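The values are calculated or read from the model by the stated rules, or taken from the named source; none is laboratory data. Computed from a predicted model, the values in this text were never measured in an experiment. Methodologically, a virtual Cβ is constructed for each residue, glycine included, from the backbone with ideal geometry; neighbour enumeration extends over all protein chains shown. Only protein heavy atoms, including side chains, enter the accessible area calculation; ligands, DNA and RNA are left aside. Shrake-Rupley method; radii C 1.70, N 1.55, O 1.52, S 1.80 Å.
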Amino acid sequence: ERVCRQRLAEMAQAGALGHPREDEDNLEVGAENKLGEVFGNAQVITNTDVAEVLQSYEHTMKEQDPTFEPNQVFKLTKEYVDRFKSFKTSASIEEFQRNLIEVHGLTEFEKGLLINLAPEEVEEAKILIPSLDDDARFPEDVITRILS
């Protein structure tokens, strides 16, 4: 958390937050998978993973204090990830994730986007994850197999 706050402070000081040109550059960076040194090797956390972490945290807190009541941000976050998670448990997602990377050659970033955004059609996948719009890497039949 301290590192995130420090990074946000640095970005704010540099004028990176809320500047339209910077936002456009960030979209291009995401489309090209050029995440830089901060996020380049980051492990993507799926909504399913987040839901399990939040559930575990809430359970632990209620064991420690039966009167524990999560705050509104926690409740809304948990509601969001429960609603948009693609898999019921992390165990059910592991083989799928491994397949995306080892068999289909997706990057961690692409894998996370694909799982969290859960596109249903090839064109939707290409729009949401621009790096999939590369016929050399991902012919349409490959994307169709990934989505099915």
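Some observations on this one:
- Selected residue (only one of Asn99, Asn116 is in a helix (DSSP H, G or I) and within 16 Å of Thr144 (Cα to Cα)): Asn99
- Taken over the stretch 65-85, the criterion of being part of a helix (DSSP H, G or I) and exposed (fewer than 13 other Cβ atoms within 10 Å of the Cβ) is satisfied by Gln72, Val73, Leu76, Glu79, Arg83.
Yes/no matrix, rows are residues, columns are (1) open to solvent by 60 Å² or more (accessible area, probe 1.4 Å); (2) under 30 Å from Val142 (Cβ atoms); (3) part of a helix (DSSP H, G or I); (4) in contact (Cβ under 8 Å) with a residue 24 or more places away in the chain:
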| residue | (1), (2), (3), (4) |
| --- | --- |
| Leu54 | no, no, yes, yes |
| Glu63 | yes, no, yes, no |
| Phe87 | no, yes, no, yes |
| Glu94 | yes, yes, yes, no |
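- Among the residues of the stretch 119-134, those identified as free of Cβ contacts under 8 Å to residues at least 60 places away in the same chain and outside any loop (DSSP other than H, G, I, E, B) are Val122, Glu123, Glu124, Ala125, Lys126, Ile127, Leu128, Leu132.
- Near pairs, Cβ below 8 angstrom, 6+ apart or cross-chain, from the stretch 137-148 (closer than 18 Å to Asn116 by Cβ) to any residue that is basic (Lys, Arg): Ile143/Lys126
- Conditions (1) modelled with pLDDT of 90 or more; (2) among the polar types (S, T, N, Q); (3) open to solvent by 80 Å² or more (accessible area, probe 1.4 Å): number failed by Asn116: (3)
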